[in-house]
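A short worksheet on the structure shown next.
None of the figures in this text is laboratory data; all of them are computed from the coordinates on show. Note that this is a predicted model, so its numbers are computed, not measured.
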Amino acid sequence: MEITASQIIFCILSALIVGGSIMTVVSRNILRAATYLLLALIGTAGYYVLLNYHFLAGIQISVYVGGILVLFVFSIFLTSQVGEKMPKVSWSKTVFAIIASLLGAGLCLFVLLTQSYPYAEQVAQTEISMQAIGLSLMGTERFQYLLPFEAISILLLACIIAGILIARKK
């Protein structure tokens, strides 16, 4: 079996995402955790580039890395000291987290191994047009996402209001 460049890039991006995600959760310094989250989000944008979804990669970088992560960093600066470390977690919580993680990984493996994916070989070889993406996001037909899009906008509005209230109390 011949290994292609896209498979090597996929493995590198996967290692970046898994490593960044684990370090985000494990890090006791909250600013470093946000930096590790940045690595995971950039790796996800790399997945989109591999799939020829350049528009979604740009959205991933601009919205999540440029917007949401900056919001996280600002909220960290507003609510805590920069060098402040998170308190150590008790052993019972650590054991429970490990058990929950193993159960979640087992469930994911079970679903991956028992389900069939008929469209897995039909990965897009060309980039999807902007019109198709726009119709899919803003349409009201089946498999179109206007309602989830609006629900997320309400959730983000609630987060902004909560952030303002938290910052205002100080």
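Remarks
- Proximity of backbone amide H atoms, modeled 1.01 Å from N, is registered between Y53 and no other residue at under 5 Å, excluding neighbours fewer than 5 places apart on the same chain.
- Whole-angstrom gap from region 148-163 to region 23-77, using each part's C-alpha centre: 19
- Across all C-alpha atoms in region 1-86, the radius of gyration and Dmax reach 15.0, 53 Å.
- The C-alpha atoms of the chain define a longest principal axis, and helix 91-114 lies at about 10 degrees to it.
- Two-decimal log10 I(q)/I(0) for the chain, as the Debye equation yields it once each C-alpha is a single scatterer, q = 0.12 Å⁻¹: -0.84
- Relative contact order for the chain: 18 percent, from Cα pairs under 8 Å spaced at least 6 residues apart, divided by residue count.
- Note that region 24-38 has calculated 3J(HN,Hα) couplings of 4, 6, 7, 4, 8, 8, 5, 6, 5, 4, 5, 5, 5, 4, 4 Hz, one per residue in order, obtained from phi through the Karplus relation 6.51 cos²θ - 1.76 cosθ + 1.60 (θ = phi - 60°); glycine and proline are x.
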